[in-house]
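K.L.:
Below are the structure tokens for one structure; questions will follow.
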Amino acid sequence: GSSVRTFTPFRFAVEPADVLSVRGAAVVLNCSALCDTPPRIEWKKDGTFLNLASDDRRQLLPDGALLINGVVHSKHNKPDEGYYQCVATVDSLGTIVSRTAKLTVAGK
């Protein structure tokens, strides 16, 4: 009576793509992971997890995408520009990390 572990598919259906934005615009970085158990989606910017709970401009959409409202960009303050990754976790399986997408904000 040995138990047989079957392979559970766990992969990205959609990964974020590089985005060119302008200051004040809204940006959506897409991400969607497929698994029998719905994965928990988190986002990293420049290698650090974003704390979206206390963020009034960035939010996680129901499909796993990251919405950035009103991109902030000035000479000395560029909090939104950088490298983003989508991180999907299923506790019983593990974590997968998407490709890195670059958000570039165009100057005037």
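The values are calculated or read from the model by the stated rules, or taken from the named source; none is laboratory data. The model shown is predicted, which means the values in this text are computed figures rather than measured ones. Counting neighbours? That spans all protein chains shown, and the Cβs are built from the backbone with ideal geometry, glycine included. Accessible surface areas use protein heavy atoms only, side chains included; no ligands, DNA or RNA. Shrake-Rupley method; radii C 1.70, N 1.55, O 1.52, S 1.80 Å.
K.L.:
For the stretch 66-108, enumerate the residues that are modelled with pLDDT under 95 and in contact with a Phe, Trp or Tyr (Cβ under 6 Å, 6 or more places away or on another chain).
P.N.:
93
Each row is one residue, and each column tells you yes or no for (1) open to solvent by 70 Å² or more (accessible area, probe 1.4 Å); (2) farther than 18 Å from residue 13 by Cα.
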| site | (1), (2) |
| --- | --- |
| 52 | no, yes |
| 56 | yes, yes |
| 61 | no, no |
| 75 | yes, yes |
| 79 | no, yes |
| 82 | no, yes |
| 98 | no, no |
| 103 | no, yes |
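K.L.:
What pairs can you find where one residue is in the stretch 34-60 and part of a loop (DSSP other than H, G, I, E, B), the other is exposed (fewer than 11 other Cβ atoms within 10 Å of the Cβ), and their Cβ atoms are less than 7 Å apart, with a gap of 6+ or different chains?
P.N.:
As it stands, the answer is 37/92, since those pairs meet every condition given.
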